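Working notes for the structure below.
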Amino acid sequence: MFFFDSNWFLMWFLIMLPPLIFMIYAQIKVNSAFKKYSKLANSQHITGAEAAGMLLSASNLNNVRVEGVKSRLGDHYDPRKKVLRLSPAVANTPSVAALGIVAHEVGHAVQDKAGYAFLRFRSSLVPAANVGSSFGTICIFLGLILMVLGAEFGITVIWAGVFLFSLAVIFSLVTLPVEFNASNRARQMLRSTGMVSAQEYDGASAVLSAAALTYVAATLQAVAQLFFFVMMAMGMRR
């Protein structure tokens with residue numbers, strides 16, 4: 001029976017191994033960059049929270065609030081509530097890493113203000129992506145069980161799961177231009193405001209580049225998983 005064919009487990013392993021290795025590499029890079037540049041104080045001794053206020057003001061974003069979030073590296077901008085949330089290690093630390101991360105999140109706020117198309121598209125995909133990531137895989141394995149039990153409509157359930165999971169993959173793909181654009185805006189802001197020296201700019205840019213790798217790795221994992229699901233569904237049909 002296909003469901004218990006060890007060849008498919010081997011194929012899943014071979015397909016998912018390269019993205020997994022890349023994800024591990026990306027996590028090592030981002031943790032290393034953050035650890036290195038979080039220990040390097042910026043020359044103006046500006047904390048992340050102070051930098052956020054300065055950059056938001058310079059971008060005429062006085063309607064955006066700055067709040068704290070407890071999770072480590074959980075910094076993000078919420079376009080629905082117009083809130084920029086900073087983790088303690090970023091908000092309370094006058095480090096080069098903090099400036100890079102804050103500038104990136106302010107970059108998202110600038111995208112929101114400018115009506116950046118990819119950000120709007122990603123925001124509209126959030127409900128569908130949440131459903132797809134939660135129920136896509138469940139439907140696929142439920143369909144497999146149904147087929148093992150002899151129910152022919154199991155293949156329909158499998159393809160429904162593939163469709164749902166593809167919504168999460170689309171979300172990951174759309175996330176890439178959003179994140180890269182925010183990092184580019186962050187670099188421009190750090191330069192134009194004179195908030196960092198040339199050496200500090202290189203450090204902040206290194207943090208941004210390392211963080212970008214994690215989004216690329218997550219997208220590769222999602223695409224590889226979808227590819228396997230499609231191959232599995234086609235194999236079940238045969």
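The values are calculated or read from the model by the stated rules, or taken from the named source; none is laboratory data. Treat the numbers as computed from the prediction; the structure is a model and nothing was measured. Note that we place each Cβ from the backbone using ideal geometry, even for glycine, and neighbour counts take in every protein chain shown.
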Residues satisfying the stated conditions in the range 22-50, i.e. more than 16 Å from LEU73 (Cβ to Cβ), touching a Pro at 6+ places or on another chain (Cβ under 9 Å) and not in a loop (DSSP other than H, G, I, E, B): ALA41, GLU50
Hey, LEU86 hits all of (1) under 17 Å from the mean Cα position of the chain (by Cα); (2) over 13 Å from GLY100 (Cα atoms) but one; which does it fall short on? (2)
Residue by residue through the range 31-90, note down the ones that are on the phi > 0 side of the Ramachandran plot and surrounded by 15 or more Cβ atoms within 10 Å (Cβ to Cβ). LEU73
Name every residue in the range 146-198 that is under 28 Å from GLN221 (Cα atoms), in contact with a Ser or Thr (Cβ under 9 Å, 6 or more places away or on another chain) and small (Gly, Ala, Ser), in order of residue number. GLY161, ALA168, SER172, SER183, ALA186
Residue pairs, Cβ under 6 Å, 6 or more apart or interchain, first in the range 113-131 and more than 16 Å from GLU179 (Cα to Cα), second assigned to a helix (DSSP H, G or I) and modelled with pLDDT of 95 or more. List them. ALA128/LEU167; ALA129/LEU167; ALA129/ALA168; ALA129/PHE171
Taking the range 57-82 only, how many residues are closer than 14 Å to LYS113 by Cβ, aliphatic (A, V, I, L, M) and assigned to a strand (DSSP E or B)? 0
Restricting to the range 113-142, name every residue that is within 27 Å of ALA52 (Cβ to Cβ), surrounded by 19 or more Cβ atoms within 10 Å (Cβ to Cβ) and not aliphatic (A, V, I, L, M). TYR116, ARG122
Condition first: under 30 Å from PHE141 (Cβ atoms), assigned to a loop (DSSP other than H, G, I, E, B) and out of contact with any Leu (no Cβ under 6 Å at 6 or more places or on another chain). Can you find one or more residues in the range 1-19 that meet it? yes
Residues to consider are VAL126, VAL157; find the one that is in contact with a helix residue (DSSP H, G or I) (Cβ under 6 Å, 6 or more places away or on another chain) and assigned to a helix (DSSP H, G or I). VAL157
Criterion first (modelled with pLDDT under 95 and not charged (D, E, K, R)) does PHE141 satisfy it? yes
Subset of the range 190-204 that is surrounded by fewer than 20 Cβ atoms within 10 Å (Cβ to Cβ) and of a type outside the set (Asp, Glu) - its residue that is farthest from ASN42 (Cα to Cα): SER192
In the range 45-79, what residues are small (Gly, Ala, Ser) and in contact (Cβ under 8 Å) with a residue 40 or more places away in the chain? GLY48, ALA49, ALA51, ALA52, ALA58, SER59
